[in-house]
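*Asks:* I have a structure here, written as structure tokens, and I will follow up with some questions on it.
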Amino acid sequence: MVLPSEETLTTAINDILRSNDLERITLRMVMSMLSEKLSLPLSQLQRQKPLVRRKIDDFLAAFQGEGADHSTDQPSTAAGSKRKSSVSEPKPVKSVKLTGLERAVVLSEPLAEFIGETVISRSHIPKHISAYAKKHDLQDPTDRRRIICDDALKAALSVDHFTFFSLAKTVSGLVRKPEECDEHLQELAKKCEEKIIQEKLERKQREALNPPPPRPTKRPKQDKSNPDRPRRPSAFSKPMQLSDALTAVCGESQLSRTDVVKKIWEYIRENQLKDPDDGKKILCDEKLMAIFKGSKTVSNMGIAKFLSAHMTKIP
């Protein structure tokens, strides 16, 4: 079965996210809706799960005012990093396409009056709203993710409050596609998209001329199947200074925490201090009572919590 193209998948994901509450929707729900929307078995769609997760991140970033251009710019960056320093002329920049979030939309009258434009890129709407909320300090002091609308925002969005995760669903009912409008608005939308394409081309050209430095390579993973590989010492294996009470039981003044537990259990077995009626309890003699804060009995699982008070770092 042929998997959908990245463009088809992006459009479907954006449609799903715009029509659902982003505070409740999960990756699993998106995958299930995609399977139904594209008439594909979910098992077949699992191969593109990393791409779906990346497209969701792009969508959220755009609606939080961060933009969603980085995924389309990666091929140019990769090409720039692979070029040799001796090459003076950059590679020709390929044509760019607009994502669903970058395409122009026609705003409803109240929203257009609030933003000051009738036709705008969809991704610019949350940026305008975010800037306005910060300027007028509209964040809820008890929950900084929540925006409490003033009169202007209420008139534009028809809600009393929102978060930037729920804003996508709110805005989806306040915009129209240009093809649903008259020729004048379609012409404005065309000019808006041409401007965005030009800006993306210029940005890619700048990146081709001045590519960012390559990312540092990750350290190679150690082969865990090799028993001779060097291991980082555990904190439990470092020797500690024991108190007099603990030294009396263990027979040594410096031991690691792991060895202390072993010595205590050796002492318990040698002196037959396990409760015959309840194998999970220890009957403490005078030496153990000095360690366990005078307790006459202690559970098997309760031994460790008393040890820290009797162990200090060796200077």
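*Asks:* Sort out which residues of the range 102-125 are free of Cβ contacts under 8 Å to residues at least 40 places away in the same chain, closer than 19 Å to Asp182 by Cα and in a loop (DSSP other than H, G, I, E, B), and write them in order of number.
*Replies:* Result: Glu117, single match.
*Asks:* Please find, among Ile25, Ile13, the residue that is assigned by TED's automatic domain parsing to the domain that holds His128, surrounded by 15 or more Cβ atoms within 10 Å (Cβ to Cβ) and over 14 Å from Thr99 (Cβ atoms). Steps first, please.
*Replies:* Details: Ile13 fails: over 14 Å from Thr99 (Cβ atoms).
Ile25 is the lone residue from the list that is assigned by TED's automatic domain parsing to the domain that holds His128, surrounded by 15 or more Cβ atoms within 10 Å (Cβ to Cβ) and over 14 Å from Thr99 (Cβ atoms).
*Asks:* In the range 90-117, how many are modelled with pLDDT under 50 and loosely packed, with under 11 Cβ neighbours inside 10 Å? Steps first, please.
*Replies:* So the first thing to find is which residues in the range 90-117 are modelled with pLDDT under 50, and the list is 90.
Next, only the ones that are loosely packed, with under 11 Cβ neighbours inside 10 Å stay: none.
The total comes to 0.
*Asks:* I'm checking my understanding of the structure. Among residues of the range 191-248 that are under 30 Å from Phe292 (Cα atoms) and part of a loop (DSSP other than H, G, I, E, B), which one is modelled with the highest pLDDT?
*Replies:* Here the answer is Ser243.
*Asks:* I need the full set of residues from the range 301-315 which are more than 11 Å from Pro239 (Cα to Cα) and among the hydroxyl-bearing types (Ser, Thr, Tyr), in order please.
*Replies:* Within the range 301-315, Ser308 is the sole residue that qualifies.
*Asks:* Being farther than 18 Å from Ser108 by Cβ and among the hydrophobic types (A, V, I, L, M, F, W, C) is the filter; apply it to the range 143-190 and report the residue that is modelled with the lowest pLDDT.
*Replies:* Checking each candidate, the answer is Phe164.
*Asks:* Quick test of your reading of the structure: Val87 fulfils all but one of (1) at pLDDT 85 or above; (2) surrounded by fewer than 12 Cβ atoms within 10 Å (Cβ to Cβ). Name the failing condition by number.
*Replies:* Condition (1) is where Val87 drops out.
The values are calculated or read from the model by the stated rules, or taken from the named source; none is laboratory data. Owing to the predicted nature of the structure, the values given are computational and were not obtained by experimental measurement. Cβ atoms come from the backbone with ideal geometry, glycine included; neighbour counts cover every protein chain shown.
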